[in-house]
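I have placed the structure first, in the form of structure tokens, so that the comments after it can refer back to it.
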Amino acid sequence: MLSVDNISLAFGGVKALTDISFDVREHEIRAIIGPNGAGKSSMLNCINGVYSPQRGTIRIGTETFRQMDPNKAARMGIARTFQNIALFKGMSVLDNLMTGRNLKMNCGLLAQALYLGPNRREEIEHREKVEHIIDFLQIESVRKTPVARLPYGIQKRVELGRALAAEPRLLLLDEPMAGMNIEEKQDMCRFILDVNDEFGTTIVLIEHDMGVVMDISDRVVVLDYGKKIGDGTPDDVRNNQAVIDAYLGVAH
Amino acid sequence: MFYREAGQFKTSYAADQQLFPIRQDRIAMLALLVLAVAVVPLIASNYVLTAILLPFLVFALAALGLNILTGYAGQLSLGTAAFMAVGAVAAYNFQLRIPGMPVLGSFVLGGLTAALVGIGFGLPSLRIKGFYLAVATLAAQFFIPWLLVKVSWFSNNSSSGVISAQPVVILGFAFDSPVRKYLLVLAIVALMALAAKNLVRSSIGRAWMAVRDMDVAAEVIGIRIMRTKLIAFAVSSFYCGVAGALYASVYLGSVEADGFNLDLSFRILFMVIIGGVGSILGSFLGAAFITLMPIALDRLLPWAAELLNLNLPAGVTSMVQLVVFGALIILFLIVEPHGLARLWQIGKEKLRLWPFPY
């Protein structure tokens, strides 16, 4: 459903990505791994249009784009989470999730000011959808708490919820398990697998925890210094000499 | 003990999303409205109505406008008074030049004119943020009053540049006495405050806060940053414009464009900061604080001087007033940077437990 072809991205003289191509199949969990600074986050940023690559194309479904922009990506059904939590700190969990559905709400300004009839109905209708996600992620007890007051692990979960609220076709997760303890990681893995199963969402994720990556992903892309050095099933990648070298280093 | 929501169960999302989900809040709000509409006009003197309550309501509306822009959408502005001036002068001209223009219609048109001007001066916000944006809005603050004074057409060629507002007559009913003026302004401000509250709890309000808190994430969700910011400028300037029209035609009666100076903008900014950034209630609390404090100090200082047997010369009182006022503002910002609205919230949380420690 998604394929990136020959993407190159440079910031001035720094080549963040060089000629990267890979594809993502419908309904799979695709992991992007690589050492720090390999260009993993830049890759995600290209897919949903935060960065504009100098060369290459991105194909979503049947449409091919030279460049994405974040709004267009959102409209195409791409949602994402960020490496450093990017929640709306001043708002409650509920409002954060409701904001995730902003694109689906289309009452006019005047209707919103009156808060009668259509707007009221819309708010309640979307509230029901959001409550399903709150149930799914088991964050019922904090729904009215401002997110800034929540612990880190829960914030990560809320951010996943905000992305899910948009009912995306493609979900980009940038290190969803960074900085978590083992139990939080297990929970998060379970949520990711369940999202993939229940909602049929295609998932692209970046993760450093190899155990997690090898367990939950269907296929893995390996980047190093902005170049693709491996692509395939977890087992293929694990036995790929270039990947082993990149992670363990080579004797000179 | 008296303020507990225990036992008030919500069985539908509609009930949970209402304006005041807690029963005690509903009763209190109703009582406040009854007090403001029925009791105050009976007992308040003309002095209290015209010198305290009218400016309080008008400034609360302006603070509300600025709070939408600065508190909710996160765009700092120092041009509030300029947008008020646009509203005031536009409303005056609409009434003057269009025969049979209803007064309320001219207020709305004045507000809409201010909204257009606000969008124009909001354009820099697409590229710059924070202090730099505040400086850009200063351009509005200096340019607009200058333009309104320079082009005498705006003040109907009055030699002094003063516009004398037309009498406020709605459907043949003249709002000429202090009580009537008070009730008119109260009705307008209450309705607009309700509308503002509705906006900030709907999708546009969430979009504003999203842009304020994390604009990259907002963009990724599909919120159009430019549109959201410009709507914030438009709505905010509309509120300021209506406030300006009320300020000129109901509160003061005659006003010159120079009166809408940077000083006024700062006063309204202080109201927002002291009242609570990002709070509808805060706008009212801040406006009350800033309008009441000088009057209260005015009363208290001579009394305190007498008590201490000090013989103060006349000028000193007003000077001390400024000093105390400034000190209070600084104290406030240190003790409670989130303003009076946060204090109110903390008080409510404490009240749930009172009189027990937990």
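Sort A:182, A:20 from largest to smallest accessible area, using a 1.4 Å probe on the heavy atoms of the protein chains. Display every interim value, and only then the final one.
Details: A:182 120, A:20 0 Å².
In descending accessible area the options line up as A:182, A:20.
Let me check against my output: what whole-number percent is the relative contact order of chain B, with C-alpha pairs under 8 Å and at least 6 apart? List each step's numbers first, then the result.
Working: 515 pairs, mean separation 104.7, N = 358.
With pairs under 8 Å counted, the relative contact order is 29 percent.
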Options B:199, B:250, B:143, ranked by Cα towards positive dipole end of chain B, top entry (Cβ charges): B:199
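Given the DSSP H assignment, sum -39500 (n - 2.57) over each helix run of at least 4 residues in chain A and divide by its residue total; what's the result at 222 nm in deg cm²/dmol, nearest 500?
Numbers: 10 runs with 96 residues, N = 252.
Computed ellipticity for chain A at 222 nm equals -11000 deg cm²/dmol.
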FRET efficiency, residue B:329 to residue A:67 (Cβ-Cβ, R0 56 Å, nearest 0.05): 0.70
Rounded to the nearest 10 Å², the accessible area of residue A:183 at probe 1.4 Å: 130 Å²
Options B:169, B:353, A:110, ranked by Cα towards positive dipole end of the protein assembly as shown, top entry (Cβ charges): B:169
Cβ neighbours within 10 Å from other chains - mean over A:123-135: 2
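Would you mind telling me the antiparallel percentage of the DSSP bridges in the protein assembly as shown, rounded to 5?
Antiparallel bridges: around 60 percent, rounded to the nearest 5.
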Above-threshold pairs, the threshold being 31 Å between Cα atoms, out of B:10/B:229; A:72/B:10; B:181/B:229; A:15/A:129; A:156/A:227; B:10/B:350: B:10/B:229; A:72/B:10; B:181/B:229; A:15/A:129
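Quick one: net charge around residue B:202, please, counting Lys, Arg +1 and Asp, Glu -1 for every other residue with C-beta under 9 Å from its C-beta. Please report the intermediate quantities before stating the final value.
Values: positive: B:201, B:206; negative: A:122, A:123.
Surrounding charge for residue B:202 is 0.
Calculate the FRET efficiency for residue B:150 and residue B:342 from the Cβ-Cβ distance with a Förster distance of 51 Å, rounded to the nearest 0.05. Numbers along the way, then the final one.
Working: r = 43 Å, r/R0 = 0.84.
About 0.75, to the nearest 0.05.
Compute the Rg to Rh ratio over the stretch B:226-358 from the alpha carbon atoms, using the Kirkwood formula for Rh, and round to two decimal places.
Details: Rg = 18.9 Å, Rh = 17.7 Å.
So for the stretch B:226-358, dividing Rg by the Kirkwood Rh gives 1.07.
What does the charge count around residue B:346 come to, taking other residues whose C-beta lies under 13 Å from its C-beta (Lys +1, Arg +1, Asp -1, Glu -1)?
Values: positive: B:342, B:348, B:350, B:352; negative: B:336, B:349.
Result for the neighbourhood of residue B:346: +2.
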Range of Cα positions in the stretch B:44-353 per principal axis (Å), largest first: 65, 54, 36
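Looking at chain A, I'd like the Rg to Rh ratio, where Rg is from alpha-carbon atoms and Rh is Kirkwood's inverse mean 1/r.
Details: Rg = 19.1 Å, Rh = 19.2 Å.
Rg/Rh: 1.00.
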Whole-Å distance, taken between Cα centres, linking the stretch B:35-49 and the stretch A:55-85: 59 Å
Within 10 Å of each Cβ in A:102-115, the average number of Cβ atoms from other chains: 5
Probe 1.4 Å - accessible area at residue B:247, Å² to nearest ten: 30 Å²
Virtual paramagnetic centre 7 Å along Cα→Cβ of residue B:22, amide N under 20 Å, in the stretch B:334-354: B:338-354
Accessible solvent surface per residue of chain A, calculated while the other protein chains remain in place, 1.4 angstrom probe, Å²: 44 Å²
Positive-end residue of B:186, B:155, B:105, charge dipole of the protein assembly as shown with Cβ unit charges: B:155
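Nearest 100 Å² is fine: what is the total accessible surface buried where chains A and B meet, probe 1.4 Å? If you can, show how the numbers build up before the last one.
Details: alone 12450 and 18950 Å², together 28480 Å².
When A and B are taken together, about 2900 Å² of accessible area is lost.
How much net charge surrounds residue B:123 when only other residues with a Cβ under 13 Å from its Cβ are counted (Lys, Arg +1; Asp, Glu -1)? Kindly include the intermediate steps, with their values, before the conclusion.
Details: positive: B:127, B:227, B:229; negative: none.
In short, +3.
Per DSSP H run of n ≥ 4, the term is -39500 (n - 2.57); total these for chain B, divide by its residue number, and report the mean residue ellipticity at 222 nm rounded to 500 deg cm²/dmol.
Working: 15 runs with 234 residues, N = 358.
Calculated at 222 nm, the ellipticity per residue is -21500 deg cm²/dmol.
Under 8 Å for C-alpha pairs, at least 6 residues apart: give me the relative contact order for the stretch A:89-167, rounded to a whole percent. Before the final figure, lay out the partial values.
Working: 67 pairs, mean separation 44.3, N = 79.
That works out to 56 percent.
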Solvent exposure, largest accessible area first (probe 1.4 Å, DNA, RNA and ligands not counted), of A:218, A:245, A:197: A:197, A:218, A:245
Shielding score for A:154-164, defined as the mean number of other chain Cβ atoms within 10 Å: 1
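Give, in whole angstrom and from largest to smallest, the semi-axes √(5λ) of the equivalent ellipsoid of the protein assembly as shown, with λ running over the eigenvalues of the Cα gyration tensor.
Numbers: eigenvalues 570, 151, 108 Å².
Semi-axis lengths for the protein assembly as shown are 53, 27, 23 Å.
What percentage of the solvent-accessible surface of the protein assembly as shown, computed with a 1.4 Å probe over protein heavy atoms, is contributed by carbon and sulfur atoms? All intermediate terms of the calculation are to be shown ahead of the outcome.
On the way: 17770 of 28480 Å².
Carbon and sulfur atoms account for 62 percent of the accessible area of the protein assembly as shown.
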Euclidean distance between Cα centres, the stretch B:200-250 to the stretch B:74-94, Å: 16 Å
Rounded accessible area of residue B:267 (nearest 10 Å², 1.4 Å probe): 90 Å²
Average accessible area per residue (Å²) across the stretch B:58-98 - probe 1.4 Å, nucleic acids and ligands excluded: 15 Å²
Chain A: relative contact order as a whole-number percent, Cα under 8 Å and 6+ apart: 28 percent
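The values are calculated or read from the model by the stated rules, or taken from the named source; none is laboratory data. Because the structure is predicted, anything quoted here is derived from the model rather than measured. Positions of Cβ are backbone-derived with ideal geometry, glycine not excepted, and every protein chain shown enters the neighbour counts. To get the accessible areas, we keep the full protein, side chains included, count just its heavy atoms, and leave off ligands, DNA and RNA. Shrake-Rupley method; radii C 1.70, N 1.55, O 1.52, S 1.80 Å.
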